[in-house]
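Worksheet for the structure shown next.
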Amino acid sequence: MTVLQNLWDCIRHHEDLLKSPFFPALFSLTVYLGFCLPFVVLDLLSPRVALVRKYKIQQKNVSLRMMWSCLALSLYNHVVYIFPLSVLHWYWRPVVYTVEAPGIGNVVWGLASCLLLFDFQSFVWHLLHHKVPWLYRTFHKVHHKHTSTFALTTEYSGAWETLSLGFFAAMNPMLLGCHPMTEMLFHIMNMWLSVEDHCGYDFPWATHRLVPFGLYGGAPHHDLHHQKFKANYAPYFTHWDKLFGTLHTS
């Protein structure tokens, strides 16, 4: 049996939980907070530890009050919006798990396709919400409260922004016919990259340093967007900003 098949069998062992209407919201919140936690610890250490502070993109301290306001809004959105909609989705599209795991080629292709499609959708969505003043004032402005980003600002946004971007992320694996395992891995990868984009740190092992030729922007790319507002609209990759002349690197 392959490694992927063994992993998929372990996942299917908890099928009752996976098919629960509570699972999507619980999965989303747990993975998100799990990815945020290490950066929260670093934010608490940075005022006292020079080694941590060395990698901060902006030398601004993150207070507990700032963290709590972001966390509270994220919890509110999950309870009031994401959970009810995930229950409706559960009724509309019953979960079916196949016995066979996907092949490694299918997983890689599915992850790359979902990520590139989401990057394009987010770029268009983001650009429109900055170019149309009403959209910015009404929906997107709340996300720009913090010009110096930290991990918990990832989901500091109103209901419209949370649900619309969540809709893209949920629909893409369905549109592309991905295996349920690939779909789970995409959501995990997408959440990690989003948190890393907002973490406020530029580490030597960060994703943008591992992807060659400046194809991936990472935390410096998105942090600059929060500083300048009128550049770097794509969440992950840089090709759309290059094409539209909105890429800033300093």
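Within the span defined as the stretch 142-159, every residue fails to be out of contact with any Lys or Arg (no Cβ under 7 Å at 6 or more places or on another chain), over 23 Å from F35 (Cα atoms) and not charged (D, E, K, R).
What pairs can you find where one residue is in the stretch 190-209 and on the phi > 0 side of the Ramachandran plot, the other is outside any helix (DSSP H, G or I) and surrounded by 22 or more Cβ atoms within 10 Å (Cβ to Cβ), and their Cβ atoms are less than 7 Å apart, with a gap of 6+ or different chains? Filtered contacts from the stretch 190-209: G200/T149; G200/F150. In the set (1) touching a helix residue (DSSP H, G or I) at 6+ places or on another chain (Cβ under 8 Å); (2) over 19 Å from N190 (Cβ atoms), the condition left unmet by V3 is number (1). Within the stretch 52-81, the residues that satisfy the criterion of being of a type in the set (F, W, Y) and within 20 Å of the chain's Cα centre (by Cα) are W68, Y76, Y81.
Taking the stretch 145-159 on its own, how many of its residues are part of a helix (DSSP H, G or I) and modelled with pLDDT of 95 or more?
We begin by selecting, within the stretch 145-159, every residue part of a helix (DSSP H, G or I); these are 151-153, 159.
Next, from what is left, pick out any that are modelled with pLDDT of 95 or more: 151-153.
Number of matching residues: 3.
Selection of the stretch 202-225 for residues being touching a Ser or Thr at 6+ places or on another chain (Cβ under 9 Å), of a type in the set (F, W, Y) and in a helix (DSSP H, G or I) yields an empty set. Looking only at residues in the stretch 82-112 that are surrounded by 15 or more Cβ atoms within 10 Å (Cβ to Cβ) and within 16 Å of the chain's Cα centre (by Cα), the one that is nearest to L193 (Cα to Cα) is L111.
Taking only the stretch 14-57 into account, find how many residues are loosely packed, with under 15 Cβ neighbours inside 10 Å and in contact with an Asp or Glu (Cβ under 7 Å, 6 or more places away or on another chain). Number satisfying all stated conditions: 0. Taken across the stretch 179-193, residues that are at pLDDT below 95, within 17 Å of V95 (Cα to Cα), out of contact with any Pro (no Cβ under 7 Å at 6 or more places or on another chain) and not in a helix (DSSP H, G or I) do not occur at all.
The values are calculated or read from the model by the stated rules, or taken from the named source; none is laboratory data. Just so it is clear, the structure is predicted and the values come from calculations on it, not from any experiment. Heads up, the Cβs are rebuilt from the backbone with ideal geometry, glycines too, and the neighbour counts pull from every protein chain shown.
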